[in-house]
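Visitor: Input: one structure, supplied below.
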């Protein structure tokens, strides 16, 4: 295939994919499309109704003839002219007649007839003459918002214009075919039509805005984007899923989709994690490691779902797996697993020396793995992660478990994951489909690599290529909502955090 052909194919694919994304985005924004169309339609309707003024029109039709005269002499030598031939005037250009109709002579006659209140320019602009379909037939029109003006203007034209033409060209014959008609309204009320135009324009503007937005947004939207734009190993894609659980009040609450419950998740969801598991295991064996962290660029990218399910996938191979909730600013591992978190000691208490590993690490039979909670929230999370006690904790669990998985905060929002790099090293990176800008993701990956991290690979989460669902669209249970200040609103301490002494 030639270079030009490849370029054309790529262009067509790009245009088609952009259009498809635009249609999906419009379906999600139907309320905006409808609201904009209705609002603009209403504006057009009001403007048309307020500015509407009736314009009257009156017409008359004349026929122009031309005659051929022969000069003769009688027996006494007197000269005379005899009309030998008369036919319909075949001049097709009506412009010169328009000039004559709008001449000062005719206009002065009209303004004199109307009296004060009408200027010469208004009278002149109101008169038109146009050639009809038949040769030599012309229609004279008067258009004005004053009905009386139209009537009087054509009466003057009927009275003076034929004679005016004959004076200028004696060979012209003027016949009035239709006398001036009663003025009628020439423009109908167009408010409904204007409203329809405004409605259509509003919908088009929203669609165009969404299309341009989809065209220029530099996000990671596919596996190809993940490979090319991020320059990192690609591990796989996680499709959208949803799962509910009933509370004591018989109300449905959102829970994370868990790999351990294979009856409620799709085949694609299960297989995606098995594929990612194999690649992670191979990388860890290559670097002689058994511990890795899971992070993302910003909040709400599905990293906790990735952490807990990847840990489940590793545990299903018969290995002992420990999942540590190292997001000490917003720990959610227990909550996603359906375990009550309040009051449970964990990493914070171990670092402070008030608890031990044996008393805090619990085996969750339903998941088939061990979990070490965060132990609450802390405003000194970075200091805890950087402490010698935390490093000692990691060294111990690495020796006691086949695999250790750390769920960490977003790497571009806070520095916790960056602080762990010297002791954890290996990182699995969650990238939400069509969410963070590709350059932000790439820059964060680069910072981690500069710090010495081994990026095992990226996982594209919340993809729409697989099963349809809405779990991820719920915003990861609303944990990391982006406020007006942008990503990281929670990590910017919009709420008062619990402080702990390290």
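Throughout, read-outs are computed from the coordinates displayed, never taken from laboratory work. Please read these numbers as outputs of a predicted model, since none were measured by experiment. Neighbour counts run over all protein chains shown; Cβ positions are idealised from the backbone, glycine included.
Visitor: Give, as ranges by residue number, the residues of segment 295-319 whose backbone N falls under 20 Å from the point 7 Å along Cα→Cβ of residue 217.
Guide: Under cut-off, by backbone N: 296-303.
Visitor: Here's another thing I want to ask about it. Kindly put 447, 75 in sequence by how many other C-beta atoms sit within 10 Å of each C-beta, fewest to most.
Guide: The fewest-first ordering by Cβ neighbours comes to 75, 447.
Visitor: Same structure, new question: What FRET efficiency, computed as 1/(1 + (r/R0)^6) with R0 = 22 Å and r the Cβ-Cβ distance, is obtained for residue 125 and residue 175, rounded to the nearest 0.05? Could the numbers behind the result be given before it?
Guide: On the way: r = 27 Å, r/R0 = 1.23.
Using R0 = 22 Å, I get an efficiency of 0.20.
Visitor: Suppose the Debye formula is applied to equal point scatterers at every Cα of segment 359-422; what is log10 I(q)/I(0) at q = 0.13, 0.14, 0.27 Å⁻¹?
Guide: Values, matching the q order: -0.41, -0.47, -1.39.
Visitor: Additional query: Test of understanding: ordering 450, 38 by Cβ neighbours within 10 Å, fewest first, what list do you get?
Guide: Ranked by crowding around the Cβ, least crowded first: 450, 38.
Visitor: Next question, about the same structure. Using a simple spin-label model with points 7 Å from Cα along the Cα→Cβ vector, what separation in nm is obtained for residue 366 and residue 96?
Guide: Taking the simple label geometry, residue 366 and residue 96 are separated by 9.8 nm.
Visitor: A follow-up question, please. Per 0.36 nm of contour for each residue apart, how much would the distance between residue 135 and residue 231 grow if the chain were fully extended, relative to their Cα-Cα spacing?
Guide: 26.9 nm
Visitor: Using label points projected 7 Å from each Cα along Cα→Cβ, tell me how many nm separate residue 415 and residue 31, to one decimal.
Guide: 4.1 nm
Visitor: Provide the gained length on full extension for the span residue 447 to residue 190, in nm with one decimal, where the gain is 0.36 nm per separating residue minus the Cα-Cα distance.
Guide: 86.3 nm
Visitor: Within a 10 angstrom radius of the beta carbon, how do 420, 336 rank from fewest other beta carbons to most? Present the calculation step by step, with values, prior to reporting the outcome.
Guide: Details: 420 27, 336 23.
Result, fewest neighbours first: 336, 420.
Visitor: Taking the Cβ-Cβ separation of residue 166 and residue 19 as r and a Förster radius of 60 Å, what is the calculated FRET efficiency to the nearest 0.05?
Guide: Here the calculated transfer efficiency is 0.35.
Visitor: Sticking with this structure for a sec: Nearest-5 percent of antiparallel DSSP beta bridges in segment 221-478?
Guide: Close to 20 percent.
Visitor: For segment 221-478, what value does the Rg/Rh ratio take when both radii are computed over Cα atoms and Rh is the Kirkwood radius, given to two decimals?
Guide: Radius of gyration relative to Kirkwood radius: 0.93.
Visitor: A follow-up question, please. Report the FRET efficiency, 1/(1 + (r/R0)^6), for residue 357 and residue 39, where r is their Cβ-Cβ distance and R0 is 51 Å, rounded to 0.05.
Guide: 0.25
Visitor: If you don't mind, another one. Along Cα→Cβ, 7 Å out, is where each label goes; now give me the distance between the ones at residue 282 and residue 103 in nm to one decimal.
Guide: With each label placed 7 Å out from Cα toward Cβ, I get 9.6 nm.
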